[in-house]
1. Ratio of Rg to Rh for chain A, alpha carbon only, Kirkwood?
2. Quantify how strongly other chains surround peptide B:87-98 by giving the mean number of their Cβ atoms within 10 Å of each of its Cβ atoms.
3. With every protein chain left in place, what is the accessible area of A:L413 in Å² (1.4 Å probe, nearest 10)?
4. Determine the calculated [θ] at 222 nm for the protein assembly as shown from helices alone, applying -39500 (n - 2.57) to every DSSP H run no shorter than 4 residues and normalising by the residue count; nearest 500 deg cm²/dmol.
5. Using heavy-atom solvent-accessible surface (probe 1.4 Å) with all chains present, what is the largest-first order of A:Y350, B:Y9?
6. Mind grabbing the base-10 log of I(q)/I(0) for the range A:1-128 at q = 0.11, 0.14, 0.17, 0.22 Å⁻¹? Debye formula, identical points on the C-alpha positions, no solvent, two decimal places.
7. Please give the helix B:6-26 orientation as an angle from the longest Cα principal axis of chain B, in degrees from 0 to 90, rounded to the nearest 10.
8. Tell me the per residue accessible area of the protein assembly as shown using a 1.4 Å probe; a whole number in Å² is fine.
Amino acid sequence: MSDLSLAMPVILLTTGAIAVLLLFSKKREGANPYPPAVGAATAAAALVSLQITLGKLTSVAGAGSSTGLGGFMTVDRFGVAAATICLVATLLTALLATDWLKKADANNPEFIPVLLIAAAGMVVMTTTGNLVGMFLGIEIMSVSLYILSAFRRGNLRSIESGLKYFLAGAFASGLFLMGIALNYGVSGGFDMASLATASASGTMVSKVALILLLCGFAFKLSLAPFHQWAADVYEGAPTPVTGFMSTAVKVAGFTAFTRIVLALSGTGGSWLSGAMVWLALLTMIVGNLGALAQTSVKRMLAYSSIGHAGYLMMAPIVVLSYNAASPNLGVESRAIFLSTDAMIFYLAAYALTNLLAFGSLAFIETREGKGLDMDAIGGLRWRHPVAAVGLLIAMLSLAGVPPTAGFLGKFRLFGAVLDRASVTGETAFYALIAVAVLTSLVSLGYYLRVIMRMTMHEPEGEAPVLPPFSPAWRVLIAVLVVAIIVLGFAPSFLGGGVEGVMSFLRTGI
Amino acid sequence: MGPIGLTHYLVVAALMFALGVAVVLTRRNAIAVLCGLELMLNAAALNFVAFNRFGSPERMDGQVFTVFIMTLAAAEAATILAIVLNIYHSMNTVRVDEVDSMKE
């Protein structure tokens with residue numbers, strides 16, 4: 001496959017960003033609905049070109065991945081599946097932000113170009129087999145997100161969120177970069193195979209490199225105890241941006257991290273899994289208990305997203321437990337397939353759900369001009385039935401109640417870990433499952449509280465007269481609600497998306 | 001004292017990195033924190049150049065990555081200075097511990 005077609009999604013996204021800047025940055029008077037439309041169209045074009053690449057991948061017999069641009073891009077099904085979720089999240093964010101961008105202090109057309117460039121960074125992150133590419137992708141994404149977080153320049157909370165995100169994110173980048181530098185020193189390369197070489201050498205420097213990489217990712221993925229920045233950043237950032245950050249960034253981050261872990265699995269990197277298990281356990285507990293104590297819906301969702309990161313962290317742990325010396329390699333490979341497949345499904349379900357939640361919240365916030373504490377959603381059922389339905393389905397899916405996508409995601413992810421636990425018999429996996437199930441039960445407490453607030457606190461007096469609904473927004477919420485329920489019934493809708501992981505394993509190690 | 005070799009560069013880079021981390025963790029002035037972050041990035045860049053020069057001088061990959069890192073450092077500095085300027089406009093401070101409007 002030609003280099004150009006591999007890089008096409010990234011080229012399209014950056015071209016779209018530049019086009020919006022050239023066309024619309026002069027017109028600042030009044031609300032301009034065109035930049036979000038162009039942004040959504042660009043994301044859709046990038047999606048199409050990604051699927052064409054995927055089609056070419058499958059038509060080449062036996063080749064599960066395609067490498068180009070001097071090893072910079074490694075496009076396989078795992079990466080394409082993750083990049084697809086990121087681009088869908090970008091598209092939905094551009095559409096959901098249309099209404100919100102009309103607000104006086106957010107009415108800047110630069111929002112869409114920065115969003116598109118963040119998406120380009122995510123595509124690079126997910127479809128690269130090279131640490132340089134991964135680092136650059138992370139940075140393109142992060143720098144754009146610092147800007148998006150601080151986008152409401154007159155709003156102190158928004159700027160504060162940008163500052164805190166920057167401080168945590170740039171520190172993480174420094175750690176991550178030093179990790180790459182040390183890995184380069186040991187192995188002399190930047191590709192994923194170099195990680196395996198360095199890890200197999202077992203030297204002290206290679207271990208320090210891996211610890212630095214793990215710490216960098218722990219910051220970026222808001223894993224406890226590196227999560228302190230997340231609550232303030234998510235609460236302060238503009239609501240559509242929070243939705244984007246809590247979904248697409250998690251997808252890209254977990255995919256990149258899993259790629260590193262895939263390269264390490266079976267090469268003596270398993271000493272790292274102890275630290276990862278503790279990170280996952282702590283993240284699940286801190287996230288879910290923290291969410292219980294919150295009075296702001298947005299802050300509650302921030303802690304909930306920390307909790308979900310803890311569940312997701314179980315997938316890389318299973319991948320890392322791959323035992324190359326096992327007599328039954330089929331079982332070992334199957335564990336990797338099951339866990340990465342479950343992770344991608346979980347990420348897709350979580351992305352749709354959280355976008356629905358934040359889309360509904362952004363609507364409520366724009367219409368009522370108030371904050372997003374628990375009182376703001378009191379009696380929502382009577383005031384905004386559409387937003388209330390959106391939020392209801394989102395909360396059920398986040399809590400993992402059937403028949404929603406969130407339930408199936410949890411079912412498959414926990415199932416993959418349980419499968420691994422029964423094969424290896426290690427207590428770590430049983431501990432993970434036990435804590436994951438218990439914290440899921442705890443999470444019902446705060447998700448149901450939102451539903452109770454919406455449906456049981458009938459407002460006193462006359463309901464305020466509110467601006468009319470935009471029909472496009474209603475359609476969007478309806479589409480998301482249907483998608484979440486359909487995904488809960490028909491998992492095969494996304495199924496088979498990541499068989500390429502197997503071929504990646506063969507080529508990557 | 002022999003000629004300057006890989007170890008010298010690595011020691012300097014390690015010291016720079018440790019200083020950078022210390023500055024980020026202890027200083028509360030946003031500009032000082034930015035200086036610490038730059039030290040961390042430059043320490044890694046020095047490592048790349050040194051490993052490239054002494055490990056595989058026929059390839060230029062480490063040197064090229066350093067150019068990327070310099071570009072990135074510039075982009076980060078531009079972003080954070082814009083944010084800090086906005087903070088200063090609304091709060092009259094650049095101390096990160098005073099910028100705290102969202103604690104529960």
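The values are calculated or read from the model by the stated rules, or taken from the named source; none is laboratory data. Note that the structure is a prediction, hence the values are computed from the model and not measured. Note: ideal-geometry Cβ built from the backbone for every residue, glycine included; neighbour counts use all protein chains shown. Surface areas here come from the heavy atoms of the whole protein model, side chains and all, with no ligands, DNA or RNA. Shrake-Rupley method; radii C 1.70, N 1.55, O 1.52, S 1.80 Å.
1. Checking Rg against Rh, the ratio lands at 0.96.
2. Partner-chain Cβ atoms within 10 Å, mean over residues of B:87-98: 2.
3. Its heavy atoms expose roughly 0 Å² to the probe.
4. The per-residue figure over the protein assembly as shown is -25500 deg cm²/dmol.
5. The ranking, largest first, comes out as B:Y9, A:Y350.
6. For the range A:1-128, the Cα-only Debye profile gives -0.40, -0.59, -0.79, -1.14.
7. Orientation of helix B:6-26: about 10 degrees from the principal axis.
8. Spelled out: the 1.4 Å probe surface of the protein assembly as shown, per residue, equals 37 Å².
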